[in-house]
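Student: Here it is, the structure, as structure tokens.
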Amino acid sequence: MLAKIFSGAVYGVDAYTVEIEVNTGRGDTPTVVVVGLPDAAVKESKDRVWTALINSGFGVPFGRTTINLAPADIKKEGPSFDLPIAIGTLVAEGDLDPAAIEGVGMTGELALSGEIRRVNGVLPVALHMKAQGFHRLLVPSENAEEAAVVKGLEVIPVHHLREAVDFLAGQHPIEPLLIRHDTLFQFVAHDGEDFSDVKGQESTKRALEVAIAGGHNILLIGSPGAGKSMIAKRVPSIFPPMSLDEALESTKIHSIAGRLPPHQAIISQRPFRAPHHTISDAGLLGGGSHPMPGEVSLAHHGVLFLDELPEFARNVLEVMRQPLEDGMVTISRAAASVTFPCRFMLVAAMNPCPCGYYGDPRKECRCTQQQIMRYRNKISGPLLDRIDIHVEVPAVRYEDLANLTPGESSQTIRERIIDARETQQRRYAAIPGVHCNAGMRPKDIEAHCELEEETRNILKMAIADMNFSARAYTRILKVARTIADMAHAEVIGTNHISEAIQYRSLDRQLW
């Protein structure tokens, strides 16, 4: 007898329908054949499924059983087809009514005992099933919360194969899991870290506030112990909240990569990724025979923090140029290419020289000029051009360290940033893909970066004196637009453009 059942598989960040056909025959010798470009994990599913069926109290087919995974021209990977294969086998054997699986999708890995284990990529599968008209989805209980985020789809959490069969047969009712979306985005401070702990560094905090308000990349340059890492690690505490669409995009990536904790519905706080400088280019961008997202994609709609920037391998830094510009990364392989989104804010930190004390007024630098140039040349001009704001982090004075008065709290700074972001969201409401000033396209810059005559002259002189590139020119305008938004100014003024130019001057002093 032939049975058809539906599941889903992930390709890139989206899912596609997998139609699973199970045909059982009669005979004395059990034989199972899996076709449809299965990988090793899928081929091994027949052993897991058969053992799980026996341990759950069901019989197994005798004779030849053929399992086809369609479409046959796309390679199927992972153990997520175990549950649908088991259910399809029971339907083909007549142990389950075919009407019970109409409009039902399912995914899950089977243990030998029949227990249903969690799998990766359930959220993309749930979104796809809803779009394809399925009204019900059976998922492992540990994945149920992320699937239940999709409105209009009945998500049935199941713990065991026997439980799933009894539910489909109408013998064991299970209530669909419901998620209240209004409870998913309650702000929680990250590890109790607050900007009130930062002593002094008012200029650095101002630059960071401007960067986050407009979504601009920022580079912090300073001596060891100046507080670069301390400040960067407090960035999540002042980031604006995520929208539901942003949260779903980030959650899809974390779900595919297997980084979503069990029973967590969604990534409700903006990601903060801080890879070590020994990371490879594949670890940063993503890769593998079956391409998986890397750190730049895991930081989507959040922050990618690269501490000790020159210590990263040159080829690792250079591969970031295209993602920084386009907000997506394409991984090409012989069989196919996969594109992952990666719209993140880059926060980088570095010392001015190998010993760290070049330009420090209190400690003498021990590096030769050749060592300093070799150290700084690890960061290429094109990469530096893509970082909107470069700011020097000075050593903290004793007066600031001894001051017992707490600094400005993260909540206060966050409220100003949210106010500036709301202004930008209203401005770009009709422009798809643009949410903040850093994402402006050339025509958006022309429309929204109006300059007064005096302001235009200041920018013209700065371009001539400092020999800025065309990319640096557009990024100065974007930063100036953010500074004007924070001051609730419609037109970019001289003070706004001057501050934006100041944030670009550091690379001309050092490089």
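Student: Of the residues THR31, THR89, THR65, which is surrounded by fewer than 21 Cβ atoms within 10 Å (Cβ to Cβ) and over 29 Å from ARG259 (Cα atoms)?
Tutor: After applying the criteria, what remains is THR31.
Student: Follow-up question, since we're still on this one. If we scan region 47-59, do we find a residue that is modelled with pLDDT of 90 or more and touching a Pro at 6+ places or on another chain (Cβ under 9 Å)?
Tutor: yes
Student: Could you say whether any residue in region 35-50 is within 26 Å of ILE256 (Cβ to Cβ), open to solvent by 40 Å² or more (accessible area, probe 1.4 Å), touching a residue at least 40 places away in the same chain (Cβ under 8 Å) and not charged (D, E, K, R)?
Tutor: Checked region 35-50: no residue is within 26 Å of ILE256 (Cβ to Cβ), open to solvent by 40 Å² or more (accessible area, probe 1.4 Å), touching a residue at least 40 places away in the same chain (Cβ under 8 Å) and not charged (D, E, K, R).
Student: Which one of these does ILE156 not meet: (1) open to solvent by 60 Å² or more (accessible area, probe 1.4 Å); (2) not in a loop (DSSP other than H, G, I, E, B)?
Tutor: (1)
Student: Residues that are in contact with a Phe, Trp or Tyr (Cβ under 8 Å, 6 or more places away or on another chain): find the helices (runs of 4 or more DSSP H) completely inside region 237-307 holding 2 or more of those.
Tutor: By residue number, 244-256, 295-298.
Every residue, every condition in (1) more than 18 Å from GLY283 (Cα to Cα); (2) part of a strand (DSSP E or B); (3) acidic (Asp, Glu); (4) touching a residue at least 24 places away in the same chain (Cβ under 8 Å), yes or no:
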| position | (1), (2), (3), (4) |
| --- | --- |
| ASN315 | no, no, no, yes |
| GLN322 | no, no, no, no |
| GLU325 | yes, no, yes, yes |
| THR330 | no, yes, no, no |
| PHE340 | no, yes, no, yes |
| LEU346 | no, yes, no, yes |
| GLY356 | yes, no, no, yes |
| ASP360 | yes, no, yes, yes |
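Student: Might you let me know whether region 249-259 holds any residue that is open to solvent by 50 Å² or more (accessible area, probe 1.4 Å) and closer than 30 Å to LYS205 by Cβ?
Tutor: Checked against the condition, which is being open to solvent by 50 Å² or more (accessible area, probe 1.4 Å) and closer than 30 Å to LYS205 by Cβ, region 249-259 yields at least one hit.
Student: Would you say ILE483 is among the β-branched types (Val, Ile, Thr), crowded, with 16+ Cβ neighbours inside 10 Å and under 24 Å from ARG414 (Cβ atoms)?
Tutor: yes
Student: Being more than 30 Å from GLU399 (Cα to Cα), under 28 Å from the mean Cα position of the chain (by Cα), open to solvent by 60 Å² or more (accessible area, probe 1.4 Å) and touching a residue at least 60 places away in the same chain (Cβ under 8 Å) is true for just one of ARG162, ARG118. Which residue is that?
Tutor: On inspection, the qualifying residue turns out to be ARG118.
Student: Residues that are surrounded by 18 or more Cβ atoms within 10 Å (Cβ to Cβ): which helices (runs of 4 or more DSSP H) entirely in region 388-449 hold 1 or more of them?
Tutor: Those helices (runs of 4 or more DSSP H) span 410-427, 442-448.
Student: Would you confirm, using the coordinates I've provided, whether LYS76 is of a type in the set (Lys, Arg), closer than 30 Å to CYS342 by Cα and crowded, with 17+ Cβ neighbours inside 10 Å?
Tutor: The answer is yes for LYS76.
The values are calculated or read from the model by the stated rules, or taken from the named source; none is laboratory data. Just so we're clear, the structure is a prediction, and the values are computed from it rather than from any experiment. Note that we place each Cβ from the backbone using ideal geometry, even for glycine, and neighbour counts take in every protein chain shown. Heavy atoms of the whole protein, side chains included, go into the accessibility calculation; ligands, DNA and RNA do not. Shrake-Rupley method; radii C 1.70, N 1.55, O 1.52, S 1.80 Å.
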